[in-house]
Every structure is written in structure tokens, then in C-alpha cells.
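K.L.:
Sharing a structure here in C-alpha cells format.
The values are calculated or read from the model by the stated rules, or taken from the named source; none is laboratory data. Everything quoted here is computed from the prediction, not taken from an experiment. Because the Cβ atoms are built from the backbone with ideal geometry, glycine has one as well, and the counts that use them run over all protein chains shown.
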Amino acid sequence: MNELPVDRTAVPTAAPRILVVDDNQDSLSLLTALLHEQRYRTQAVASGAEALTAVVAHPPDLILLAGGLPALDGQDVARRIKSAHDLPFIPIIQVTAPSELHETSAGLDQGADDYLSRPLVAGELLARVRALLRLKAAQDALHSRHAELQRLHEQLRAGEAYRENLVQMITHDLRGPLTGLLGALELIEDGSLGPLTAEQGDFVRQGLQNCQTLNDMVADLLDVYRLEAGRLELARRPVALRPLADQACVQVGAALAGKKLLLHNHIPADFPPVIGDSGKLVRVLANLLNNAFKYTERGTITLQVLVQPDNGYSHTVADEGQPSLPGRQYAIIQVQDTGVGIPAEVRALIFRKFYRGEPGGSGRRIRGAGLGLYFARHMIEAHGGNIWVESAPSGAPGSLFCVSLPLAAAGQGEEA
Amino acid sequence: MTGHILVVEDDPLWLGVVERRLTKAGYTVESARNGRVALQWLADTPALPALVLTDLLMPEADGLDLCAGVRGNSHTAHLPIIIMSAIDGVDLRARAAAFGVFRYLTKPVPAVELLLTVDAAMASTS
């Protein structure tokens, strides 16, 4: 990364500084006088070697390579300056004798930015100087803009690393205590510490399930982060849906306590397998069930499934969702509740991060960080499916959440 | 199964659960609250354990420091190590694998998984 010389960044309004190279003392005096008249600052040197030293010590804004240097030597000086990567852009005007004019095209290729041939005309010289100084100013502005972007880019990268650390620490700090809690409750629940009464068993089991829910929320948080960072890895295998749904139902069972709610799993045991990461899909279903419980006081929650040749892409919001793959069959898993329902105008919002509905607009607080449906949407889309919500069919109260997942191709049976 | 197991864990609740599970399964347990204490005990003990079961993130010396210490000492280099960690990631797993750990378990670890893994590690040494 090139550093801008301190003198010019610190005093951006100072007059441009021009290095004049000429071994003829009279010519050198004339040129510097001419430039001084125009309020340029100048530095005068008499040879190519001195010029190179001066440029490195204190890079000028422009170089006028004038007399005393044969054209080829001038080109050498120009080439060396242009190829020094630690120098900023410095425009070079090379002055040649008329006899050397044939060299100029080669010289332009080598690095001089412009040529003037003797005899010099003051007006033309100054016009060229102004033009090249404008170019220099534009280049410098571009350069500092580039440096600024580079800095911002590095800041963003540092921020990303910080976020990664933060997520790791949060995960560790939440999971650590939960691990002990789950282990201890499991120890009590399975009778390892002595027999339990029926009531003790019920409470411990509910406690266990709540811990499991908390643990799943931590896992959701971590996965959402990984999804957003594009670093989630899915273990895709053929997965039977019935046991998957059963597992989700067991996990969320504790949330049913105290509600007059029935949970029906109508997914057939012989339904063909889908392709996916079973651990993640259980959490997606558990999130959908938990969501249904939150907004349903009484009635039934029903899980069912059907096969369709498309993944419901047309139900998703513009620019979101995953298009269907041709020739694929999809399982559409439906979670239907008899709850308060979702107004059509917020259906696209509920899959956003931290969105939380108020049931019936009553203002009652709903538990949860609002990450569940966001997690579900991104996880399902990562599987090549979609998630959307409809009104419950045939005028029934409540909502119908639909999730599509690709079915395993024929012959892709479930692995043991 | 029988055998002596060193459990290194800074959370007393989870340490208590693991001790209870392993004891109930027939093992004897030595516990240490971090990697430094564990390495000190390994240096002093006349009878080495058959297995090391360790957390990763701990104060003073963490689980990877412990792995390095165990592998770096010819008396303990052969011991199987099981990691139980609340954090997981490809790079952490790679670093653990470089120490030849027997298994990398992610917390929370269900009792069944804990015991099956410990039994398998013990069987691998006999």
C-alpha cells in the first residue's frame, strides 16, 4: 500500500512543486523563473542522478526533464521513476531537441507523459504543465479514495472477525450452563439419583424440555449467523418425515402444558424420504410448532404432508425464495393451527429477523426472540425449498404454514 | 467397564454429572478444574488414568494446551483423549484432530452418547 507523502496531504492547498532537470545553468534559471512567475514551487537539479535522488527524498508534483540529458538518458530517468512502486504518480514532461523527435514515441511508451521540443514556447509549456497537474490532482484524489476504501474494507473484515468471536462466546456462555442443567435434570429424570413420584417426574421432564428448547434457540442463533456468513454446512441425506415430525412433536410437547390444544401428526409412516439435514429439519419443524402454539390458545395443531411437482416458489415474495428444480418432486409439509390467523399484509414480514406478532392485537407479550421463523425460512431455502403461509382452508380459523423440501430421487432410499 | 478416567472441566455442575454417570457405569474418576491442574496431576500421579475427558475453553490452560502437554510427554503421549466442547467449528476440530483426539463431542452431550464414546475409547486401549 503506497503511503501518500506527508507534506502534500498535510498541506493540500500548497502550490504544486515542480522538479526541473537541466544541466545548462541558463536554461535552468529561465525555466525556474518562468514557473515561479506562475507561483509554482521549484527544485532545480543538473543531472539525471540528482533528479532520481531528489524524487525519492521528496517526491514532486511534476518533473520537467529538460536540457543536458540526451533523450535516451531522459527516458531512463523517466522509466526508473515510473517503475518505482513506492512512489505516487508523478507526471513527467520531457524536453527534446528537434533531432531527437523520432525518439519520442519510444519515450512515451517508456514513461514520460508528454513531450516538448525545443525551442520552448512559454505559453505551450505552461499549458502542458497545468494539464498534467490537473491529471496529477485527479490521480491523487483517486489514490486517497482507494486508500480510504482499503481502510474501510479492513475495518469490515476486523468487524466480521469480532462478530465471529462474539457469536462463539455467546454460544459457549449459554451452552456451558445449559449442558450442566440438562445433564443434571437427565440424571434425576432417569432415576439415577433415586425413584421419583409421578409429579416429580412430570416437572423434571418439563424442565428438561424447556432446557432443550433453550439449547435449540442457541443452535438457531448460531446457524442463522453461519447462514448469513455463508458458512453453514448441511449434512444432506434421505430423511424419513414421520420420525422427524415425531421427534419435533416430542421436543415441543412441554409448551402444550396448560393449553387446551391437541397436536396431530398425520404424516404417513411410509411417506417417501426428503433430502436434508435431519437435525436442522427437526428444529425447523419444532420452530413451526412452537410458533403455532404461541398464537393458538385452544383447538388443534395438525401436521400433514402432500407431494407436488413444484416447491411453492410462486408463494414467496419477489426476489426471495428458491425456484423449483425441473423434474424434481417436492414434499409440502403443512402445519395448520386454529389460532388467531395472520393478516395478509404481514404474511411476508413474519419470516424476517426479530419480527414478532401480537396475537389478536391484544398487546400480550409473546415469548421468543422472533428468530424461529427467520431461521426456518433460511434453513429451508438452503435445502432448496420454500416456506410460506396461507389462511387455513375453507374458512376455518387460523393459519396454514407450508414448507417444501425436495424428495429423494427414486432408488435413493433412507440410509440406515 | 472399569478403568480410571481423568475428567477436566471447569463447570462444577457438568463435572458432577459426568462423575456420577461414569462412576455408575463402573469407572473411577479423577477430576481437575482446568488444563494446568490436570497436567500437574498427571506429572505427580504414580498411576496414570486410562483416558482423558476434557472441556476445551477453560481458564489458565485450555483443552488444547492440555492435549499439547499430554502428547508432549512420553509417559502420557499414548493416552486417548475425548473432547467435550460447547464451541464447535472446522478449525477447532482440525486443531483437535492434529493431537489425535479420539472423539470431539459437542455440548450438551446426552448421557448415552457420553457413555458409548467413553466405552469405545476404553475398548480401543485394551
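K.L.:
Within the range B:41-60, does at least one residue satisfy the condition of being within 11 Å of the chain's Cα centre (by Cα), more than 12 Å from chain A (Cβ to nearest Cβ), surrounded by 14 or more Cβ atoms within 10 Å (Cβ to Cβ) and assigned to a helix (DSSP H, G or I)? Show your work before the answer.
P.N.:
Our first condition is that a residue be within 11 Å of the chain's Cα centre (by Cα); within the range B:41-60, this holds for B:49-56.
If we keep only those that are more than 12 Å from chain A (Cβ to nearest Cβ) as well, we get B:49-54.
Filter once more, so that each one left must be surrounded by 14 or more Cβ atoms within 10 Å (Cβ to Cβ): B:49-54.
Within this subset, residues satisfying the condition of being assigned to a helix (DSSP H, G or I) are none.
Taking every residue of the range B:41-60 in turn, none turns out to be within 11 Å of the chain's Cα centre (by Cα), more than 12 Å from chain A (Cβ to nearest Cβ), surrounded by 14 or more Cβ atoms within 10 Å (Cβ to Cβ) and assigned to a helix (DSSP H, G or I).
K.L.:
For the range A:175-192, which residues satisfy the criterion of being facing chain B (nearest Cβ under 8 Å) and hydrophobic (A, V, I, L, M, F, W, C)? So that I can check it myself, show each step before the final result.
P.N.:
Within the range A:175-192, the first condition is being facing chain B (nearest Cβ under 8 Å), and the residues that meet it are A:175-184, A:186-187, A:190, A:192.
Of everything in the range A:175-192, those that are facing chain B (nearest Cβ under 8 Å) and hydrophobic (A, V, I, L, M, F, W, C) turn out to be A:Leu178, A:Leu181, A:Leu182, A:Ala184, A:Leu187.
K.L.:
Of all the residues that make up the range A:187-217, how many are assigned to a helix (DSSP H, G or I) and within 49 Å of the chain's Cα centre (by Cα)? Quick ask: steps written out before the conclusion?
P.N.:
Narrowing the range A:187-217 to residues assigned to a helix (DSSP H, G or I): A:187-189, A:198-217.
With within 49 Å of the chain's Cα centre (by Cα) added as a condition, the list becomes A:187-189, A:200-217.
Result for the range A:187-217: 21.
K.L.:
Every residue in the range A:303-320 that is assigned to a strand (DSSP E or B) and farther than 18 Å from A:Leu405 by Cβ, please.
P.N.:
Of the range A:303-320, the ones assigned to a strand (DSSP E or B) are A:303-308.
Residues satisfying the conditions do not exist here.
K.L.:
Could you please let me know if A:Leu133 is within 14 Å of chain B (Cβ to nearest Cβ) and at pLDDT 90 or above?
P.N.:
Working: within 14 Å of chain B (Cβ to nearest Cβ): no; at pLDDT 90 or above: yes.
When the stated conditions are applied, A:Leu133 does not pass them.
K.L.:
Suppose we keep only residues that are within 10 Å of the chain's Cα centre (by Cα) and assigned to a loop (DSSP other than H, G, I, E, B) within the range B:61-89. Which one would you say is nearest to A:Leu166 (Cα to Cα)? Working first, answer last.
P.N.:
Step one: filter the range B:61-89 for residues within 10 Å of the chain's Cα centre (by Cα), giving B:63, B:66-67, B:79-84.
Next, only the ones that are assigned to a loop (DSSP other than H, G, I, E, B) stay: B:79-80.
Numbers: B:Leu79: 33, B:Pro80: 31 Å.
Only one residue fits best here, namely B:Pro80.
K.L.:
Inspect all residues belonging to the range A:150-168 and state whether any of them is at pLDDT below 95, outside any helix (DSSP H, G or I) and either in contact with a strand residue (DSSP E or B) (Cβ under 7 Å, 6 or more places away or on another chain) or within 14 Å of chain B (Cβ to nearest Cβ) (or both).
P.N.:
no
K.L.:
Given the residues A:Glu148, A:Glu186, which is the only one that is of a type in the set (D, E, K, R) and over 17 Å from B:Leu114 (Cα atoms)? Give the steps one after another, and end with the answer.
P.N.:
Details: A:Glu186 fails: over 17 Å from B:Leu114 (Cα atoms).
Selected residue: A:Glu148, the only one of A:Glu148, A:Glu186 that is of a type in the set (D, E, K, R) and over 17 Å from B:Leu114 (Cα atoms).
K.L.:
So how many residues does the range A:99-114 have that are at pLDDT below 70 and either outside the structural domain of A:Leu31 (by TED's automatic domain parsing) or not hydrophobic (A, V, I, L, M, F, W, C) (or both)?
P.N.:
Taking the range A:99-114 and keeping what is at pLDDT below 70, we get A:99-110.
Next, from what is left, pick out any that are either outside the structural domain of A:Leu31 (by TED's automatic domain parsing) or not hydrophobic (A, V, I, L, M, F, W, C) (or both): A:99-100, A:102-105, A:107, A:109-110.
Within the range A:99-114, residues that are at pLDDT below 70 and either outside the structural domain of A:Leu31 (by TED's automatic domain parsing) or not hydrophobic (A, V, I, L, M, F, W, C) (or both) number 9.
K.L.:
May I pose another question? Would you pick out the residues in the range B:97-121 that are touching a strand residue (DSSP E or B) at 6+ places or on another chain (Cβ under 6 Å) and more than 10 Å from chain A (Cβ to nearest Cβ)?
P.N.:
Within the range B:97-121, B:Val101, B:Phe102, B:Arg103, B:Tyr104, B:Leu105, B:Thr117, B:Ala121 meet the criteria.
K.L.:
For B:Thr2, which of the numbered conditions (1) under 24 Å from A:Leu185 (Cβ atoms); (2) out of contact with any Lys or Arg (no Cβ under 6 Å at 6 or more places or on another chain) fails to hold?
P.N.:
Only one criterion is unmet by B:Thr2, namely (1).
K.L.:
Do we have A:Leu125 as within 14 Å of chain B (Cβ to nearest Cβ), farther than 23 Å from A:Leu87 by Cα and over 26 Å from the mean Cα position of the chain (by Cα) here?
P.N.:
Numbers: within 14 Å of chain B (Cβ to nearest Cβ): no; farther than 23 Å from A:Leu87 by Cα: yes; over 26 Å from the mean Cα position of the chain (by Cα): yes.
No: the conditions fail for A:Leu125.
K.L.:
Next question, about the same structure. Give the residues of the range B:61-96 that are acidic (Asp, Glu) and within 12 Å of another protein chain (Cβ to nearest Cβ), sorted by residue number. Give the steps one after another, and end with the answer.
P.N.:
We begin by selecting, within the range B:61-96, every residue acidic (Asp, Glu); these are B:62, B:65, B:88, B:91.
Correct list: B:Asp62, B:Asp88, B:Asp91.
K.L.:
Taking the range A:215-239, which residues are within 13 Å of another protein chain (Cβ to nearest Cβ), surrounded by fewer than 17 Cβ atoms within 10 Å (Cβ to Cβ) and in contact (Cβ under 8 Å) with a residue 12 or more places away in the chain?
P.N.:
Across the range A:215-239, the qualifying residue is only A:Ala229.
K.L.:
Look at A:Ser399 and say whether it is closer than 24 Å to A:Val307 by Cβ, modelled with pLDDT of 80 or more and touching an Asp or Glu at 6+ places or on another chain (Cβ under 9 Å). Let's see the steps before the verdict.
P.N.:
Working: closer than 24 Å to A:Val307 by Cβ: yes; modelled with pLDDT of 80 or more: yes; touching an Asp or Glu at 6+ places or on another chain (Cβ under 9 Å): yes.
Judged against the criteria, A:Ser399 is a match.
K.L.:
Show me the helices (runs of 4 or more DSSP H) entirely contained within the range A:15-88 in which 1 or more residues are within 50 Å of the chain's Cα centre (by Cα) and at pLDDT below 90.
P.N.:
Values: elements: A:25-37, A:48-57, A:71-83.
Helices (runs of 4 or more DSSP H) meeting the threshold: A:48-57, A:71-83.
K.L.:
Another question, then. For the range A:321-337, give me each residue that is farther than 16 Å from A:Ala376 by Cα and either part of a loop (DSSP other than H, G, I, E, B) or among the basic types (Lys, Arg) (or both).
P.N.:
A:Pro323, A:Ser324, A:Leu325, A:Pro326, A:Gly327, A:Arg328, A:Gln329, A:Asp337 - these are the residues of the range A:321-337 that are farther than 16 Å from A:Ala376 by Cα and either part of a loop (DSSP other than H, G, I, E, B) or among the basic types (Lys, Arg) (or both).
K.L.:
Looking only at the range B:1-40, which residues are surrounded by fewer than 21 Cβ atoms within 10 Å (Cβ to Cβ) and of a type in the set (Ser, Thr, Tyr)?
P.N.:
Matches in the range B:1-40: B:Thr2, B:Thr23, B:Thr28, B:Ser31.
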